[in-house]
Amino acid sequence: MTLSELNSLIISDLTPALGQGEAKATARMLLEDDLHVTPTTLFTRGDRVLEPETVARYRRFISRIAAGEPPQYVLGSARFMGMELKVTPATLIPRPETAELVDIITDRCKNRPDLRVLDIGTGSGCIALALSRALPFANVEGIDISAEAIAVASENARKLGAKVDFHVQDIFSAPAATYDIIVSNPPYITESERPSMERRVKDFEPDSALFVPDSDPLRFYTAITAYAKSNLDAGGLLAFEINPRFAEELKSMMESCGFNCEIIRDSFGKNRFALGTHAS
């Protein structure tokens, strides 16, 4: 089988499950991330004959993706802000919206030296690692309650040569420290929203990183804001990715804790981020 034939096979076999547009995008992702085959290479060297083992491996990939598994878990990696990160079912797959949050923080803090940064619920380490690249003089720390996630984040740091301190820690019992930036993309999807979510998310990504009870949708935001109130330095920044449904409730909660709060829309026009600074 040639490269062109493999590309056609991926698209044809995944179209019934994903639709043609997403099947084409998935084929491109698989070939680029796994075989390092760009569209240009596919066009100029599409007649390259593949080893039978490669074809067999891709048939397994296709079967798993058609069954609903995210292609990033099938490959074991995801691209985020120019980095190739290991991801497993113990970690969320990094989203474009999260990259927007990193850009917002970087834009606000890029001229400040010697920053102390804490990423809460770090998962794969995507936010902490991206901030360590964007803010090279920052001291970046990432915590997560999941030992499996911390192992993945630590491996990503080693591969990237990033000096980020990852360790297991529950925010509800985190020790006192002083930070200039506290950032988090905590669980924020309510259980009542689960039925409307894509199967590849709700069936494969970790529940503990996604869902909160309907009775307490701001559970993690409240705990993190309380921690930041005592541990964020004067002039520091508290930054969240949020559920648009609860933007106003979150803003009120943060203000009641002594923060000025700004809600920012993402590129899709949704209230997706909350930034807090100590009220003067």
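The values are calculated or read from the model by the stated rules, or taken from the named source; none is laboratory data. Everything numeric here is computed off the predicted structure, so don't read it as measured data. When we count neighbours, we look across all protein chains shown, and the Cβ atoms used for this are built from the backbone with ideal geometry, even at glycine.
Things to note:
- Scan region 261-280 for residues that are closer than 21 Å to ILE189 by Cβ and hydroxyl-bearing (Ser, Thr, Tyr) and the total you get is 1.
- Index of the failed condition, THR54 passing every other in (1) more than 23 Å from the chain's Cα centre (by Cα); (2) free of Cβ contacts under 8 Å to residues at least 12 places away in the same chain: (2)
- Region 234-259, residues that are surrounded by 14 or more Cβ atoms within 10 Å (Cβ to Cβ) and part of a strand (DSSP E or B): GLY236, LEU237, LEU238, ALA239, PHE240, GLU241, PHE259
- Set side by side, the residues ARG194, ARG265, ARG199 differ, and just one is out of contact with any Ser or Thr (no Cβ under 9 Å at 6 or more places or on another chain) and either surrounded by 17 or more Cβ atoms within 10 Å (Cβ to Cβ) or at pLDDT 95 or above (or both), which is ARG265.
- When residues in region 221-260 are screened for being aliphatic (A, V, I, L, M), without any contact (Cβ under 8 Å) to a residue 60 or more places away in the chain and within 18 Å of THR190 (Cβ to Cβ), 5 of them pass.
- When region 8-34 is limited to residues that are more than 14 Å from ARG59 (Cβ to Cβ) and in contact (Cβ under 8 Å) with a residue 24 or more places away in the chain, the one that is surrounded by the most Cβ atoms within 10 Å (Cβ to Cβ) turns out to be THR26.
- Region 147-171 residues that are closer than 21 Å to LEU115 by Cβ, paired with ones that are modelled with pLDDT of 95 or more and assigned to a loop (DSSP other than H, G, I, E, B) (beta carbon under 6 Å, 6 or more apart): ALA153/THR122; ALA153/SER124; ALA153/GLY125; ASN156/GLY125
- Test: residue in region 120-133 that is over 16 Å from the mean Cα position of the chain (by Cα) and crowded, with 24+ Cβ neighbours inside 10 Å: no
- Identity of the residue in region 202-217, within 17 Å of the chain's Cα centre (by Cα) and without any contact (Cβ under 8 Å) to a residue 60 or more places away in the chain, that ends up surrounded by the fewest Cβ atoms within 10 Å (Cβ to Cβ): ASP207
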